[in-house]
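Asks: Have a look at this one.
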Amino acid sequence: MKKNKLTWGEWAFVLFCFLFYLSWSLVQPYTYGPDEEMRFQIPEFIYLYGSLPNGFDERLISPNWGFSYAFYPCWLGPLCSALFMKITSIFSQDFFHLLCAARFTSVISGALTVYFAMKSGKLLFKGPGRWIFPGLIGMLPQFAFLSSYVNNDVIAIMGSSVIFYGWCLGKEDWNIKNCLILAGGVIIVALSYYNAYGWILGSMILFIFNFLWESGKNKGMAVMWKRAGFTAVIVLLFISFFFIRNAVLYEGDILGMSTLTKAGEMYGIPQLKPSMRRTPYNLGMTLGEMMESVDFTGRPWYKMTYESLIGVFGCMNVFAGPFTYRVYTVIFILGLAGLLVSVFVRKRDRHQWVFEAVLLFCFVIPILLSIYYSYYTDYQAQGRYCATMLVALMYFTAFGMETLLEGAGRLVGKRLENLARAVFLAGLIGLSLKIYFLTYLPSVKI
């Protein structure tokens, strides 16, 4: 679609994001990001030995936690990182150079997320939302941080952005090309992080709705099943090996979660064994008490999670600052206000109602999973565990802000509307650069 083609200015923004994330990845020391040590062990093993490790391999089992991330079937990130490490080793085998090569997977995932958000925005929005949507994602400080070290969260976010783009195309027609794009997003999500699996279920719902009531309603059920079958075969072709491998190695545990828990119970130090951890459930707290308690991090669960979704760096100990959190709070409030206004002033067809209902589902699921995990398994008030809903959050925010800006444009004129959009985007970039130079860089002690 020609209207979906990026302009030079849009390509420049994607390139800026790529270089921005790359610069973050090149300056921070090893293990500055949460879980990087245990995450990096997996691609390092593949790089050194040329094979996928068993989760019970003693070389990977954490002496404290008693498990490794090799139990999960989430191999896309480690395989890509190992490939980049192999290429880099031709020129240098220095540890930090290899680490940066492994981080390159996250850098690319971050830039691709912005790229697909830009493409989707051009299909979904007619006004300033086309820039606001990718701008909110790309310049979010926490997203930039996730794009700079070894983790699976940003890969899952990228997968959700591909799925989202597939949804935008599927509104017009679920042809073979669009089915392939959707399949690609599902593959990325399936092999990256289970927190994003809601996007897979959402895709099934939206695919059926689109075909039966919208773009494919005149093609018949036979065509729908053929396209659905084609998409499913492509997905299974790429992911089945990893899940079958898990089933064979871990007595049918295709996701590896139960086996990981058993390993933690067997090999973890006493205070970190699943049955002994200081979780709200084990302490006899109610869910409401967990949300309000400051005993774990010095902040309530909801506040720490919210702030770390916007920007908390290092091992959850370097905060972006009150001003940054206030700015984003205002943005989200304005977005919500505009979203509520849009219900009365902007026409929605049944496709958009279902589209946004499914998006709301994809927004809620990661939050509920994070709450469940913190309550029962391991208290982790970290925004990154909810971050796979980022595309949905920023769509709703951008849609609401576009509604407000267009309303303001009718009152004050188109030029002032365009000026407001430019100031908003410049402010996002400026705020991210400020955090990078004044908060982030001093904290890594380069």
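Asks: Residue-wise, which Karplus ³J(HN,Hα) couplings in Hz belong to the range 9-23, taking 6.51 cos²θ - 1.76 cosθ + 1.60, θ = phi - 60°, and x for glycine or proline?
Replies: Karplus-based 3J(HN,Hα) across the range 9-23 equals x, 6, 4, 5, 5, 4, 5, 4, 4, 4, 5, 4, 5, 4, 5 Hz.
Asks: Something else now. Apply the Karplus curve 6.51 cos²θ - 1.76 cosθ + 1.60, θ = phi - 60°, to the phi angles in the range 146-152 and return the couplings in whole Hz, x for Gly and Pro.
Replies: Karplus-based 3J(HN,Hα) across the range 146-152 equals 4, 7, 10, 9, 6, 7, 9 Hz.
Asks: Something else: Enter the accessible area per residue of the range 146-220 (Å², integer; probe 1.4 Å; all protein chains in place). All intermediate terms of the calculation are to be shown ahead of the outcome.
Replies: Numbers: 2090 Å² over 75 residues.
That works out to 28 Å² per residue.
Asks: Evaluate the distance, in nm, between pseudo-label points positioned 7 Å from the Cα of Glu265 and of Leu19 along their respective Cα→Cβ axes.
Replies: So the two model labels end up 5.3 nm from each other.
Asks: In the chain, once you exclude exposed trypsin sites (Lys or Arg not before Pro) (DSSP loop, at most 13 other Cβ within 10 angstrom), what's the longest stretch remaining?
Replies: 349-444
Asks: Suppose all protein chains stay in the model; what accessible area per residue would a 1.4 Å probe give for the range 1-110, in Å²?
Replies: Per residue, the range 1-110 has 46 Å² of solvent-accessible surface.
Asks: Moving on. Using R₀ = 35 Å, calculate the FRET efficiency as 1/(1 + (r/R₀)^6) where r is the Cβ-Cβ separation of Gln93 and Val248; round to 0.05.
Replies: Plugging the Cβ-Cβ distance into 1/(1 + (r/R0)^6) gives 0.55.
Asks: I'd like the orientation of helix 95-124 relative to the chain: the angle between its Cα long axis and the longest Cα principal axis, in ° from 0 to 90, rounded to 10.
Replies: Approximately 20 degrees, to the nearest ten.
Asks: Shifting gears a bit: Can you tell me which of Ala263, Ala422, Ala190 moves the most in a GNM of the chain? Springs connect C-alpha atoms under 10 Å apart.
Replies: Of Ala263, Ala422, Ala190, the Gaussian network model singles out Ala422 as fluctuating most.
Asks: Take the cross-link list Lys5/Lys119; Lys122/Lys226; Lys122/Lys171; Lys5/Lys177; Lys119/Lys171; Lys5/Lys122 and give me the ones stretching past 18 Å between alpha-carbons.
Replies: Violating the 18 Å limit, Cα to Cα: Lys122/Lys226.
Asks: Taking the Cα-to-Cβ direction at Trp11 and at Ala337 and moving 7 Å from each Cα, how far apart do the two end points lie in nm?
Replies: Inter-label distance under the simple model: 3.9 nm.
Asks: Find the relative contact order for the chain and round it to a whole percent, using C-alpha pairs within less than 8 Å whose residues are 6+ positions apart.
Replies: Computed value for the chain: 20 percent relative contact order.
Asks: List, in order, the whole-Hz ³J(HN,Hα) value for each residue of the range 132-137 obtained from phi through the Karplus relation with A = 6.51, B = -1.76, C = 1.60 and θ = phi - 60°; use x for Gly and Pro.
Replies: Calculated HN-Hα couplings, in order: 4, 4, x, x, 5, 6 Hz.
Asks: Okay, moving on. Per the 1.4 Å probe, what fraction of the accessible area of the chain, in percent, lies on carbon and sulfur atoms?
Replies: Summing carbon and sulfur atoms, their accessible area is 68 percent of the total for the chain.
Asks: Please tell me the relative contact order of the range 45-204 in percent, rounded to the nearest whole number, where contacts are Cα pairs under 8 Å and at least six residues apart.
Replies: So the answer I get is 20 percent.
Asks: Oh, and also: Specify the residue with the greatest mean-square fluctuation among Ile155, Ile61, Ile205, computed from a Gaussian network of the chain linking alpha-carbon atoms under 10 Å apart.
Replies: Fluctuation is largest for Ile205.
Asks: Multiply the residue gap between Asn54 and Asn4 by 0.36 nm, knock off their C-alpha separation, and tell me the result in nm, one decimal place.
Replies: Additional length available on full extension: 13.7 nm.
Asks: Quickly work out the Glu289-to-Leu441 label distance, labels modelled 7 Å from Cα along the C-beta direction, and quote it in nm with one decimal.
Replies: 4.7
Asks: Is the shape of the range 335-446 rounded, prolate or oblate, going by the alpha carbon gyration tensor and its root eigenvalues a ≥ b ≥ c, with a/c under 1.5 for rounded and a/b larger than b/c for prolate?
Replies: It is oblate, given that a/c is not under 1.5 and a/b is not larger than b/c.
Asks: Exactly which GluC sites (Glu not before Pro) in the range 171-265 are in a DSSP loop and have at most 14 other Cβ atoms within 10 Å? If you can, show how the numbers build up before the last one.
Replies: On the way: sites: Glu172, Glu214, Glu251, Glu265; in loops: Glu172, Glu214, Glu251.
Passing both the DSSP loop test and the Cβ count: Glu172, Glu251.
Asks: Could you give the accessible area per residue of the range 289-446, probe 1.4 Å, as a whole number in Å²?
Replies: Roughly 48 Å² per residue, with all protein chains present.
The values are calculated or read from the model by the stated rules, or taken from the named source; none is laboratory data. Here the structure is a predicted model, which is why all the values come from computation and not from measurement. A quick note on method: Cβ atoms are made from the backbone with ideal geometry, for glycine too, and the neighbour counts reach across all protein chains shown. These accessible areas exclude ligands, DNA and RNA; they are computed on the full protein's heavy atoms, side chains included. Shrake-Rupley method; radii C 1.70, N 1.55, O 1.52, S 1.80 Å.
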